[in-house]
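Input: a single structure, listed below in structure tokens.
The values are calculated or read from the model by the stated rules, or taken from the named source; none is laboratory data. Please read all numbers here as calculations on a predicted model, not as lab measurements. Note: ideal-geometry Cβ built from the backbone for every residue, glycine included; neighbour counts use all protein chains shown. Surface areas here come from the heavy atoms of the whole protein model, side chains and all, with no ligands, DNA or RNA. Shrake-Rupley method; radii C 1.70, N 1.55, O 1.52, S 1.80 Å.
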Amino acid sequence: MLDWVESLRSLFTNEIDCYKRLLDWEGKKRQSIHAADGRALESCVKESYHVMVEASELERIRMKTIQDVYEKEKFENKEITLTNFLNQMDRESNYKLKGFAQELKSVVQELKEAIIVNDKLLRTRKDFLQKTIDTLHEHEREKVYTSSKQPIRRGQGQQSAVILNATA
């Protein structure tokens, strides 16, 4: 077997493992968002950042290795993409690497979807919190009547009751 095929197989394996760890962190982020646990979320973001840096470096190394193989094997100089690369190599090498490439694409797609879901959850939480704050401010300015029939503003002895259903 060509040494670059084994090297790429190893790089794919490491990169897949790294993206799976990122996917796990996105799951932990989602739990933190649901629990409204800001500290846990902050911790998850910090940890996932470090894994993201690692994934970025692995991707850079993989792409550099693929570029080196293009030059060494004198592949047709098309745009350097994973698909073009796999299509230009010999059948045996393609067979050995294609499964890893597919798994990498699959994990990255799952990660992308998890990030989108978490982003939507965070925006929903933020919007809910803002609506709650706006409602509290609105009720604070509202005039109410006391037993003496004199209108007063909330905050001058009266408090409003605002109940919002966070699970709705």
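Using the Stokes-Einstein relation with a Kirkwood hydrodynamic radius computed over Cα pairs, the translational diffusion coefficient of segment 14-95 at 25 °C and a viscosity of 0.890 mPa s comes to 163 µm²/s. Protection proxy ranking, highest mean first, for peptides 23-34, 41-52: 23-34, 41-52, where packing is the per-residue count of other beta-carbon atoms within 10 Å, averaged.
Along segment 66-83 the Karplus relation, 6.51 cos²θ - 1.76 cosθ + 1.60 evaluated at θ = phi - 60°, assigns HN-Hα couplings of 4, 4, 4, 5, 3, 5, 5, 8, 6, 5, 4, 7, 7, 4, 7, 10, 4, 5 Hz to successive residues, with x for each Gly and Pro.
Residues in segment 4-15 carry Karplus couplings, in order, of 5, 5, 5, 4, 5, 4, 5, 4, 4, 4, 5, 5 Hz; the curve used is 6.51 cos²θ - 1.76 cosθ + 1.60 with θ = phi - 60°, and Gly or Pro positions show x. Less than 14 Å Cβ to Cβ from LEU11, Lys/Arg counted +1 and Asp/Glu -1: what total charge do the surrounding residues give? Local net charge: -4. Within the accessible surface of segment 1-79, defined with a 1.4 Å probe on protein heavy atoms only, the carbon and sulfur portion equals 49 percent.
Taking label positions 7 Å along the Cα-Cβ direction at both ARG125 and GLU42, the computed distance is 1.3 nm, reported to one decimal.
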